[in-house]
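Chemist: First the structure, which I've put down as structure tokens, then a few questions once you've had a look.
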């Protein structure tokens with residue numbers, strides 16, 4: 001089964017608010033976007049954002065140049081439906097983040113909650129990092145949330161990588177500098193506790 005087929009099956013099988021990573025209010029993501037200094041004019045891409053409430057929150061805060069990328073067309077269709085008429089204000093990209101071609105130096109913020117930790121293959125991680133390096137403006141920011149060092153070892157039937165500050169920084173060291181790391185408890189819809197780490201990094205100016 002391809003990655004796309006796997007994720008389409010996941011999103012077809014359950015409502016988005018029943019998925020283990022679902023958040024009604026993406027509080028930490030919004031706080032880190034604010035901490036980056038980005039204003040409503042910022043261009044933001046939410047990688048793996050198909051079932052996220054982040055885009056709706058950003059629209060409500062006055063952000064207007066918003067992109068959502070997801071490998072699952074099923075997830076994106078549900079996201080568009082949830083936004084109703086506001087869906088037309090979003091740039092939707094159905095693609096594998098390790099293979100997609102994005103506009104160079106286009107984004108002020110690259111946001112990813114719970115995609116990067118699924119990349120257990122070295123080649124896939126390198127492709128992801130290369131795309132982030134190319135797509136984020138010098139001086140722009142990368143916000144990544146992954147399972148923490150003592151987080152789950154599997155999710156949605158797939159193995160995951162777990163990160164602390166040092167190991168995450170090592171993945172992005174060629175073009176991003178780590179500014180902030182914090183460990184956050186996530187309570188799933190099934191009432192299970194999972195430990196995440198949120199990271200804020202800045203794109204270095206070469």
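Throughout, read-outs are computed from the coordinates displayed, never taken from laboratory work. For clarity, every value in this text was computed on a predicted model and none was experimentally measured. Neighbour counts are summed over all protein chains in view; Cβ atoms, including those assigned to glycine, are modelled from backbone coordinates with ideal geometry.
Chemist: With the cut-off at 31 Å, report for the chain the share of all Cα pairs above it, as a whole percent.
Modeler: That tail contains 10 percent of the Cα-Cα pairs.
Chemist: How many angstrom lie between the Cα centre of segment 55-112 and the Cα centre of segment 121-151?
Modeler: Value for the Cα centre distance between the two parts: 17 Å.
Chemist: Then there's this: Nearest 0.05, what FRET efficiency do residue 56 and residue 174 give at R0 = 30 Å with Cβ-Cβ as r?
Modeler: Computed FRET efficiency for residue 56 and residue 174: 0.35.
Chemist: What is the antiparallel percent of DSSP beta bridges lying wholly in segment 3-203, to the nearest 5?
Modeler: Bridges in segment 3-203 are about 50 percent antiparallel.
Chemist: While we're on this one: Quick one: give the max-minus-min coordinate of the C-alpha atoms of segment 125-181 along each principal axis, largest first, in Å.
Modeler: Its Cα atoms span 35, 22, 15 Å along the three principal axes.
Chemist: So, one more: Compute the Cα gyration tensor for segment 26-108, then decide on rounded, prolate or oblate, letting a ≥ b ≥ c be the square roots of its eigenvalues: rounded whenever a/c is under 1.5, prolate when a/b is larger than b/c in the other cases, and oblate in all that remain.
Modeler: Numbers: a/c = 1.63, a/b = 1.18, b/c = 1.38.
Verdict is oblate for segment 26-108.
Chemist: Would you mind ranking 198, 128 by Cβ crowding within 10 Å, fewest neighbours first? Display every interim value, and only then the final one.
Modeler: Values: 198 19, 128 24.
Ascending number of Cβ neighbours within 10 Å: 198, 128.
Chemist: Compute the Rg/Rh shape ratio of segment 79-156: radius of gyration over Kirkwood radius, all on alpha-carbon atoms.
Modeler: Working: Rg = 14.4 Å, Rh = 14.3 Å.
Value, to two decimals: 1.01.
Chemist: Just want the ordering: 92, 67, 195, from fewest to most Cβ atoms lying within 10 Å of their own Cβ. Each step should come with its number before you reach the end.
Modeler: Details: 92 19, 67 22, 195 15.
By the 10 Å Cβ count, ascending: 195, 92, 67.
Chemist: Moving on. For every helix of n ≥ 4 consecutive DSSP H residues, a contribution of -39,500 (n - 2.57) applies; sum these over the chain, divide by its total residues, and give [θ] at 222 nm rounded to the nearest 500 deg cm²/dmol.
Modeler: My calculation for the chain gives -8500 deg cm²/dmol from helical runs alone.
Chemist: Please rank 25, 112, fewest neighbouring Cβ atoms within 10 Å first, as an exposure proxy.
Modeler: Values: 25 10, 112 23.
In increasing order of surrounding Cβ atoms, one gets 25, 112.
Chemist: Here is a further query. Could you work out Rg/(2.2 N^0.38 Å) for segment 98-206, with Rg from alpha carbons only?
Modeler: Expressed relative to 2.2 N^0.38 Å, the Cα Rg reads 1.06.
Chemist: For an R0 of 30 angstrom, estimate the FRET efficiency from the Cβ-Cβ distance between residue 88 and residue 126 and round to the nearest 0.05.
Modeler: About 0.30, to the nearest 0.05.
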